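Accompanying notes for the structure given below.
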């Protein structure tokens, strides 16, 4: 049975906006998988179908204001993908263990927000193989399939293990990262043209190598701590008219206006004829779209 229980669900239920020019606080692009990936631009309560703007001139203008994604406080600088400094220091979602899940300290009693940890970390996670800029290993909460793959610009993905907690999934990922990459080369990803990878064969090659780690975790945390999956490969195609041959990045901090013909969307990047921009990087920035 597929792990993608509701692949068409958007991250936000808010209605799509049809106005030609709108302004709002930027968050990462919601996306849905339905015979290809479909994106929306999310500015505050506004939603705009970006696929419909392929081949058209668009302009994004940063108003100069930045707001915290958690408390909505105005801030001069964004930290940890959209937070003010106080929230960055106190919220569990901004702790270093989010980047390094194997260092989770929930059981040590030092989690910044134990209730948040119970909801986001002490739940089942999926260890997967993906084809982004090549073969990579990754982890995600089981509820974030296939969103996580879309955000990384994966063209193929295969769940290989179901793991009881985020920390345990991180320990498995560390073991696999000794054999394959655990990061995406975003420049390579944005150039497209990835050759297909036989992810089933790669899983069959890699899992026996880390069997000792799996056995160790099952012995220490129970047989259900790590479960080997038999899933189908998920293929993802992105709305791209033309991939760039050279990568030039836009940055709202250096130039508040980004304009160009929209040639594609992949991962959390807009591909324009004038360069690319990672919209997730600018979470919390107030932006006007036209």
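Brief remarks on what is shown
- Of all the listed residues (81, 65), the sole one being in contact (Cβ under 8 Å) with a residue 60 or more places away in the chain, within 24 Å of the chain's Cα centre (by Cα) and within 25 Å of residue 272 (Cβ to Cβ) is 81.
- Residues that are in a loop (DSSP other than H, G, I, E, B) and under 14 Å from residue 180 (Cβ atoms) were ranked within the stretch 128-154; the one that is modelled with the lowest pLDDT is 133.
- Filtering the stretch 20-62 to residues that are under 20 Å from residue 144 (Cβ atoms) and in a loop (DSSP other than H, G, I, E, B) leaves 28, 29, 30, 34, 36.
- Checking residue 99 against (1) closer than 23 Å to residue 266 by Cα; (2) more than 22 Å from the chain's Cα centre (by Cα), the condition it does not meet: (2)
Conditions (1) touching a strand residue (DSSP E or B) at 6+ places or on another chain (Cβ under 7 Å); (2) closer than 27 Å to residue 238 by Cα, marked per residue:
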{"site": "99", "(1), (2)": "no, yes"}
{"site": "107", "(1), (2)": "no, no"}
{"site": "114", "(1), (2)": "no, no"}
{"site": "121", "(1), (2)": "no, no"}
{"site": "142", "(1), (2)": "yes, yes"}
{"site": "202", "(1), (2)": "yes, yes"}
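- Those residues of the stretch 182-223 which are in contact (Cβ under 8 Å) with a residue 40 or more places away in the chain, under 21 Å from residue 168 (Cβ atoms) and surrounded by 13 or more Cβ atoms within 10 Å (Cβ to Cβ), in sequence order: 182, 203, 206, 207, 213, 214, 217, 221
- In the stretch 136-149, the residues that are touching a residue at least 24 places away in the same chain (Cβ under 8 Å) and touching a helix residue (DSSP H, G or I) at 6+ places or on another chain (Cβ under 6 Å): 137, 139
- Evaluation of residue 228 against (1) under 16 Å from residue 137 (Cα atoms); (2) surrounded by 14 or more Cβ atoms within 10 Å (Cβ to Cβ) (one fails), failing number: (2)
- The listed residues are 41, 3, and the only one of them that is crowded, with 16+ Cβ neighbours inside 10 Å and at pLDDT below 95 turns out to be 3.
The values are calculated or read from the model by the stated rules, or taken from the named source; none is laboratory data. A quick note: this is a predicted structure, and the numbers were derived from the prediction, not measured. So basically every Cβ, Gly included, is an ideal-geometry build from the backbone, and we count neighbours across all protein chains shown.
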